[in-house]
Amino acid sequence: MRPTELSDHVSQWFDGSGPGADIVISSRIRLARNVAGYEFCPCLTTARKSEVLQRLRETLLALDLGQELFFIDLNAASTLEQNLLVERHLISRQHARAAGPRGAVIAHDESFTAMINEEDHLRIQVFQTGLQLAACWERINRIDDLIEQHVEYAFDPEYGYLTACPTNVGTGIRVSVMLHLPGLKMTGQIEKLFNTARDTDLAVRGLFGEGTEAVGDFFQLSNQVTLGPAEDQIVSNFTDMVVPKIVEYETLAREKLLKTQPDKLDDKIQRALALLRSARLISSQEALFLLSHVRMGVHLRRIEGVSVATLNELFMLTQPAHLQARQGKPLDPDHRDALRAQMIRSRLCQN
């Protein structure tokens, strides 16, 4: 399968369903692992990277996960194909921009992906829509065990799994949720989230992870401590304490807007919808902000006739690489902006 074949549909874990998906768009758990007997990726020669790639590719493709798995050779993929995989959160920007032998093994429904030769030899990820971290952990733990039956991991009895970056040593786990927080943003309380996160060893990042800004009121929240607490303890803490508290704050912020500034709220929502339905040129960043406002309006029942599934689809399919992949060629920014506006008008005027 070519990555461009993914450009005409939304990832299953991003379809707007799942528990609490009005605020918690998706759940993800990632594990960082390295193969025993090999240097970490920054020190691997090209030949040794090829050995790691071939070994892990064969192991992963042989896994029985109940669905088809396919491999993408990132060294042979075009920049457009790499960018499309980044937009779908299947690989990281770092993985896309790296050089040398590397690749990704991806499940047909995109709920599982494995990055080979990113910062670590292997980074496996599991996604679910809404708040379903426990289900993510159950699945990725089982997959990790299956892999370990065929590959010896670099492991130390005292420190746990050894990784290229010291911040991942121990469990190697990253638990994260993608959050839609327009209420906290509009009420000026989003800085409280950032401050709380810093004080509790959590990381808040933008839509595409590390090194990216929050766009369209979307944020990724993840743990930073991997050494000490057990994996299930980290997952439980997120599921039972961290995420519910943020959901509570966002819910209260939305209720406050409805109670104290209903006209201002409705004006922002309706202006966003009107612009999306009429614009002839629209940038990806502007589209994300406007779609964000409309999405909140749908969940607050201030808008009728527009589905969350449609909005989530537009969030993903109007990203630059997706638009170009659907056209089968690179496009300059003006052409992308026109095509994006046309797609949004078409979909929102149908609803």
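I'm told Leu288 meets every condition in (1) touching a helix residue (DSSP H, G or I) at 6+ places or on another chain (Cβ under 9 Å); (2) more than 15 Å from Phe218 (Cβ to Cβ); (3) part of a helix (DSSP H, G or I) except one. Can you identify the failing condition by its number?
Every listed condition holds for Leu288 apart from (2).
Conditions tested, residue by residue: (1) touching a residue at least 24 places away in the same chain (Cβ under 8 Å); (2) assigned to a helix (DSSP H, G or I); (3) among the aliphatic types (A, V, I, L, M).
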| site | (1), (2), (3) |
| --- | --- |
| Ile303 | yes, no, yes |
| Val306 | yes, no, yes |
| Asn312 | yes, yes, no |
| Ala321 | yes, yes, yes |
| Pro330 | yes, no, no |
| His335 | no, yes, no |
| Leu339 | no, yes, yes |
| Met343 | yes, yes, yes |
| Ser346 | no, yes, no |
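Can you name the residue in the range 35-49 that is without any contact (Cβ under 8 Å) to a residue 40 or more places away in the chain and not in a loop (DSSP other than H, G, I, E, B) and is also nearest to Asp145 (Cα to Cα) among such residues? Walk me through it before giving the result.
First, the residues of the range 35-49 that are without any contact (Cβ under 8 Å) to a residue 40 or more places away in the chain: 39, 43, 45, 47-48.
Narrowing further to those that are not in a loop (DSSP other than H, G, I, E, B): 43, 47-48.
On the way: Cys43: 27, Ala47: 27, Arg48: 24 Å.
Ranking the qualifying residues of the range 35-49, first place goes to Arg48.
Please enumerate the residues belonging to the range 269-285 that are assigned to a helix (DSSP H, G or I) and either modelled with pLDDT of 95 or more or among the aliphatic types (A, V, I, L, M) (or both). Even if it seems obvious, please write down each step before you answer.
Taking the range 269-285 as the starting set, the residues that turn out to be assigned to a helix (DSSP H, G or I) are 269-278, 284-285.
Result: Ile269, Gln270, Arg271, Ala272, Leu273, Ala274, Leu275, Leu276, Arg277, Ser278.
Anything in the range 263-278 that is under 21 Å from Val308 (Cβ atoms) and not acidic (Asp, Glu)? List them, or say none.
Of the range 263-278, the ones under 21 Å from Val308 (Cβ atoms) are 265-266, 268-277.
Result: Leu265, Lys268, Ile269, Gln270, Arg271, Ala272, Leu273, Ala274, Leu275, Leu276, Arg277.
Residues in the range 283-297: is at least one without any contact (Cβ under 8 Å) to a residue 60 or more places away in the chain, surrounded by fewer than 21 Cβ atoms within 10 Å (Cβ to Cβ) and not hydroxyl-bearing (Ser, Thr, Tyr)?
Yes, because at least one residue in the range 283-297 is without any contact (Cβ under 8 Å) to a residue 60 or more places away in the chain, surrounded by fewer than 21 Cβ atoms within 10 Å (Cβ to Cβ) and not hydroxyl-bearing (Ser, Thr, Tyr).
Need the failing condition index for Ile72 against (1) part of a strand (DSSP E or B); (2) out of contact with any Gly (no Cβ under 8 Å at 6 or more places or on another chain); (3) over 30 Å from Gly20 (Cβ atoms), just the number.
(2)
Kindly establish whether Ala76 is closer than 30 Å to Pro330 by Cα and of a type in the set (Gly, Ala, Ser). Break it down stepwise before answering.
On the way: closer than 30 Å to Pro330 by Cα: yes; of a type in the set (Gly, Ala, Ser): yes.
Spelling it out, Ala76 is indeed closer than 30 Å to Pro330 by Cα and of a type in the set (Gly, Ala, Ser).
If I ask for residues that are small (Gly, Ala, Ser), closer than 25 Å to Val247 by Cβ and not in a loop (DSSP other than H, G, I, E, B), which ones from the range 85-141 would you list?
Here is the first cut: in the range 85-141, the residues small (Gly, Ala, Ser) are 92, 96, 98-100, 103-104, 107, 111, 114, 130, 134-135.
So of that shortlist, the ones also closer than 25 Å to Val247 by Cβ come out as 111, 130, 134-135.
Answer for the range 85-141, where residues must be small (Gly, Ala, Ser), closer than 25 Å to Val247 by Cβ and not in a loop (DSSP other than H, G, I, E, B): Ala134, Ala135.
In this structure, is Val177 in the same structural domain as Phe219 (by TED's automatic domain parsing), under 18 Å from the mean Cα position of the chain (by Cα) and more than 18 Å from Ala230 (Cβ to Cβ)? Explain how you work it out, then say what you get.
On the way: in the same structural domain as Phe219 (by TED's automatic domain parsing): yes; under 18 Å from the mean Cα position of the chain (by Cα): yes; more than 18 Å from Ala230 (Cβ to Cβ): yes.
Judged against the criteria, Val177 is a match.
Residue by residue, here is whether (1) among the β-branched types (Val, Ile, Thr); (2) modelled with pLDDT of 95 or more; (3) surrounded by 14 or more Cβ atoms within 10 Å (Cβ to Cβ) holds:
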| site | (1), (2), (3) |
| --- | --- |
| Ile29 | yes, yes, yes |
| Val35 | yes, yes, yes |
| Arg57 | no, yes, yes |
| Leu60 | no, yes, yes |
| Gln67 | no, no, no |
| Leu74 | no, yes, yes |
| His95 | no, yes, yes |
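When you look at Ser27, is it closer than 24 Å to Ile234 by Cβ and under 15 Å from the mean Cα position of the chain (by Cα), yes or no? Please lay out each step first, then the result.
Values: closer than 24 Å to Ile234 by Cβ: yes; under 15 Å from the mean Cα position of the chain (by Cα): yes.
Yes: the conditions hold for Ser27.
Every residue in the range 273-302 that is within 18 Å of Leu181 (Cα to Cα) and β-branched (Val, Ile, Thr), please.
Across the range 273-302, the qualifying residues are Val294, Val298.
The values are calculated or read from the model by the stated rules, or taken from the named source; none is laboratory data. The model shown is predicted, which means the values in this text are computed figures rather than measured ones. Backbone-built Cβ (ideal geometry, glycine too); neighbour counts: all protein chains shown.
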